[in-house]
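Laboratory data are not the source of any read-out in this text; all were calculated from the coordinates shown. Quick caveat, the model's predicted, so the values are computed rather than measured. Ideal geometry is used to build each Cβ from the backbone, glycine not excepted, and the neighbour counts take in all protein chains shown.
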Amino acid sequence: MSNHSLIEHRTFGSTGEQLSVLGFGGVLVTNTPTRLATEYVAEAFDRGINYFDVAPLYGNAQERLGPALAPYRKQCFLACKSRKRTAEGLTSDLDESLRLLRTDRIDLYQLHALQDMTKDVEVAFAPGGAMEAVVRARKEGKVRYIGFSAHTEEAAHAAMDRFAFDSVLFPFNYFTWTFGNFGPGVLRRAREKGMAALALKSLAHRRWTDEEQRQLFRPWPKCWYRPLEEKTRIELALRFTLGLGVDAAVPPGHWELFRTCLEIAELGPLHPVCAEELEPLRLLAKVGSPLFGAV
């Protein structure tokens, strides 16, 4: 699937599919003009990105991404998600996504944001739950692979206990991993099962402060957290996450940050960081606390 760029591609779990180590998150085109969405997708593809991820919850991202991705669809790996926990709800989401994304098949379909054991996991895996619908969709050829995203380790482990997923999309991040002990068990378990590991929040630093929240013109309004902004720190964070053996990372949904990641990735493979290099991130960790996990 690679379009022969300098950006590294890695194997998606045990499937043999090759994904760019950076994923194009659908939030990048949320509320952008159609022309601009088309330009973003074209530039990303031309520079080596073949992994695109979107969801119904990302506003009008599907409406923007579908037409923009159409010229490259057969050469790309398209991931989508559903937050619905019942079979009926997921089927409705999937059919609408297929229509908006102008495709007859999603490469990776994921249960979106598993978090609460009772409201999310138990309902999705119960009779009449979302898992019934996504497995049926795979048999019907509407999806190729099945994954999930999660924001708690408990939900991630519970999902892996219940089904042989192809992938997990999880916050694999320097601050949460190192200072919150959040993520090592999930990554280890995924690898034991031959699953792909995809990273969320790789550039997340901390939550916005109350003062920052009150600002009328807060920077990075699409992010509910404070992202890293300085290029050298972004590079360290990306290298840390990808150095864990993660297959790909989806940067925040702002084009400026995504383009910075592109520039970094185009320099060649992102080698793991050594302990001495991480000092700038260790100093930043003293400001605020990790988004997930226990300090």
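Numbers for the structure displayed
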| item | result |
| --- | --- |
| Neighbour-count order for C223, C261, C274, fewest beta carbons within 10 angstrom listed first | C274, C223, C261 |
| Convex hull per residue volume in Å³, alpha carbons only, for the chain | 126 Å³ |
| Length-normalised contact order of the range 9-284 in % [C-alpha pairs under 8 Å, at least 6 apart] | 18 percent |
| The chain, helix-only ellipticity at 222 nm - DSSP H runs n ≥ 4, -39,500 (n - 2.57), divided by all residues, nearest 500 | -10500 deg cm²/dmol |
| Quarter of the Cα convex hull surface for the range 34-192, i.e. its orientation-mean projected area (nm²) | 9.9 nm² |
| Counting DSSP beta bridges with both ends in the chain, the antiparallel % (nearest 5) | 20 percent |
| Out-of-range pairs (alpha-carbon distance over 25 Å; input K81/K193; K81/K142; K231/K286; K81/K231; K84/K139; K119/K286) | K81/K231; K119/K286 |
| Gap separating the Cα centres of the range 93-171 and the range 193-252, nearest whole Å | 23 Å |
| Packing-based exposure ordering (other Cβ within 10 Å, fewest first) of T260, T86 | T86, T260 |
| Cα-centred dipole magnitude for the range 9-284, charges only on beta-carbon of K, R (+1) and D, E (-1), debye, nearest 20 | 420 debye |
| Fewest-first ranking of F217, F179, using other Cβ atoms within 10 Å as the exposure measure | F217, F179 |
